[in-house]
Amino acid sequence: MGIVISPSILNSDFGNLRGELTKIAGADVAHVDVMDNHFVPNLSIGLPVAEAVIKQGILPADTHLMIEDPDRWAPAYAEAGCVNVTFHAEAAVAPIRLARELRKLGARAGLALRPATDVTPFLDLLEEFDLILVMTVEPGFGGQSFIEAMLPKVRRTRDAITRAGLNVDVQVDGGISRATIERAAAAGANNFVAGTAIFRSGDPAAEVQALRELAEAAYRD
Ligand code: DX5
Ligand code: ZN
């Protein structure tokens, strides 16, 4: 699996979006955290900012929808041109129907699981998705600490993907830094979201490169 580094712009300077994206141009995608203050206790950004990211033409948008009623709201992100549209399993009424709609609109379909959500019911449905996001913190805020207990879930997800012969990203999001990325990669994650580790460092470009090298060396199928 190719390693994907997805810096979260949640803790970047929105007043200088273009400059912030330029700093992380060596990454693969820009992670856009959409929060509605209902699914999570925080309100962040929405479709206009995802569109602004895409319009800059620096990195594709990897959108993480932490919202209620994604069945209603997610397709617009695919229509806008987000490369990945990831919605939460706990919020979707008809996840398969929604994933198929997102793919039909040209996006890759992602399914996100909160820390306490079991992946088992979704292991038979992997072919319907391009990405499984195993949350490694409770969604809602940047800067939280990595939940080690998620590593077996990452491993179970990767093993099921390998057994099925599929090409599905396993993304981890929350508390990813130089201190944790190797354990997540060794557990089978190939796609890494990092917010504060990148944007609160003195040199975001160097941090992207350092995380990539650590992940490449540690990744295990
Ligand atoms: C949390 C968001 C994350 C967050 C990551 O709900 O989904 O993408 O911005 O931030 P860090 O890397 O600081 O944990
Ligand atoms: Zn996220």
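Which count do you get for residues in segment 182-199 that are open to solvent by 10 Å² or more (accessible area, probe 1.4 Å) and more than 16 Å from Arg156 (Cα to Cα)?
The total comes to 5.
Can you name the number of the only condition in (1) within 16 Å of ligand 1 (Cβ to nearest atom); (2) touching a residue at least 60 places away in the same chain (Cβ under 8 Å); (3) buried (at least 17 other Cβ atoms within 10 Å of the Cβ) that Arg158 fails?
For Arg158, the failing item is (1).
Scanning segment 96-145 for residues that are among the polar types (S, T, N, Q) and within 12 Å of ligand 1 (Cβ to nearest atom), which turns out surrounded by the fewest Cβ atoms within 10 Å (Cβ to Cβ)?
If we take residues in segment 96-145 being among the polar types (S, T, N, Q) and within 12 Å of ligand 1 (Cβ to nearest atom), then Ser145 is surrounded by the fewest Cβ atoms within 10 Å (Cβ to Cβ).
Residues in segment 104-125 that are polar (S, T, N, Q) and in a loop (DSSP other than H, G, I, E, B): how many?
Total satisfying the criteria: 1.
For segment 189-206, name all the residues that are touching a residue at least 24 places away in the same chain (Cβ under 8 Å), away from ligand 2 (no atom under 15 Å from the Cβ) and more than 15 Å from the chain's Cα centre (by Cα).
Passing the criteria: Arg200, Pro204, Ala205.
The values are calculated or read from the model by the stated rules, or taken from the named source; none is laboratory data. Nothing here was measured: the structure is a model prediction, and the numbers come from that model. FYI the Cβ positions are ideal-geometry reconstructions off the backbone, even for glycines, and counts take in every protein chain you see. The area values use the complete protein model at the heavy-atom level, side chains included, leaving out ligands, DNA and RNA. Shrake-Rupley method; radii C 1.70, N 1.55, O 1.52, S 1.80 Å.
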